[in-house]
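The values are calculated or read from the model by the stated rules, or taken from the named source; none is laboratory data. Predicted, not measured: the structure shown is a model, and the values here were computed from it. Quick reminder, even Gly has a Cβ in these numbers, built from the backbone with ideal geometry, and neighbours come from all protein chains shown. Note: accessible area is taken over every heavy atom of the protein model, side chains too, but ligands, DNA and RNA are not part of it. Shrake-Rupley method; radii C 1.70, N 1.55, O 1.52, S 1.80 Å.
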Amino acid sequence: MFKYFFLFVCLFCFTAVTLQAQNYFTWDNATMYFAITDRFNDGNSGNNASYGRGTDPVGGFMGGDFAGLTQKINSGYLDSLGVNAIWISPPYEQIHGSVPGYGSNSAFQNHYAYHGYYALDFTETDANFGTFAEFQTFVDAAHNLWYSCGVGYCTQPCGLR
């Protein structure tokens, strides 16, 4: 009986070590995909105009969100690219309005914080990207497929007014 128990323990340990080795991750050998969340994939059109933001085709929000990131992960899109890590633009709440554009071209007159660089509140997700629960779903989906996740963070132009 002891012989079979010992054999089982050895087989279990070998299998666990083998599975862990296959999914071993280090940033030294990461193949990372960077996604500007708003420009990536619109998975929930219900949050596209949060805070009364415009949808200017040049500098406005385009609808990409955490739900869209999750859809792409679950569809195998990132697997098809051979990546094992995903880095997204800052997910926290951005200023709600636009900032002045530049030049005389009317297409460049309204610029919103879709890129994540005009932080308003570091403790909340931006409603255009989705809820914290949707963010957690995205992270869980990534981790279930052994992806590592990185989140952009920018402190330089905080609270641009």
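Of all residues in the stretch 116-130, exactly one satisfies the criterion of being over 19 Å from VAL99 (Cβ atoms) and in contact with a Pro (Cβ under 6 Å, 6 or more places away or on another chain), namely THR125.
Within the stretch 45-66, the set of residues being touching a Gly at 6+ places or on another chain (Cβ under 6 Å) and surrounded by 22 or more Cβ atoms within 10 Å (Cβ to Cβ) comprises ASP65, PHE66. Test TYR51 against the stated conditions and say whether it is in a helix (DSSP H, G or I) and modelled with pLDDT under 70. So TYR51 does not fit the description; no. Those residues that are free of Cβ contacts under 8 Å to residues at least 24 places away in the same chain and within 22 Å of ALA49 (Cβ to Cβ), I need them from the stretch 132-150; list them, please. PHE132, ALA133, listed by residue number. Restricting attention to the stretch 62-93 and to residues that are in contact with an Asp or Glu (Cβ under 7 Å, 6 or more places away or on another chain) and part of a helix (DSSP H, G or I), the residue that is nearest to PHE132 (Cα to Cα) turns out to be PHE66. The single condition among (1) open to solvent by 30 Å² or more (accessible area, probe 1.4 Å); (2) over 20 Å from the mean Cα position of the chain (by Cα); (3) not acidic (Asp, Glu) that PHE122 does not meet is (2).
The residue that is modelled with the highest pLDDT, counting only those in the stretch 17-33 that are open to solvent by 90 Å² or more (accessible area, probe 1.4 Å) and among the aromatic types (Phe, Trp, Tyr), is TRP27. Against the numbered list (1) over 25 Å from SER148 (Cα atoms); (2) modelled with pLDDT of 90 or more, PRO91 comes up short only at (1). Residue under question is TYR114, and the condition is that it be touching an Asp or Glu at 6+ places or on another chain (Cβ under 6 Å) and hydroxyl-bearing (Ser, Thr, Tyr); does it hold? Yes. For the stretch 63-106, the set of residues classified as in contact (Cβ under 8 Å) with a residue 24 or more places away in the chain, more than 15 Å from the chain's Cα centre (by Cα) and farther than 21 Å from TYR51 by Cα consists of ASP79, LEU81, GLY82, listed by residue number.
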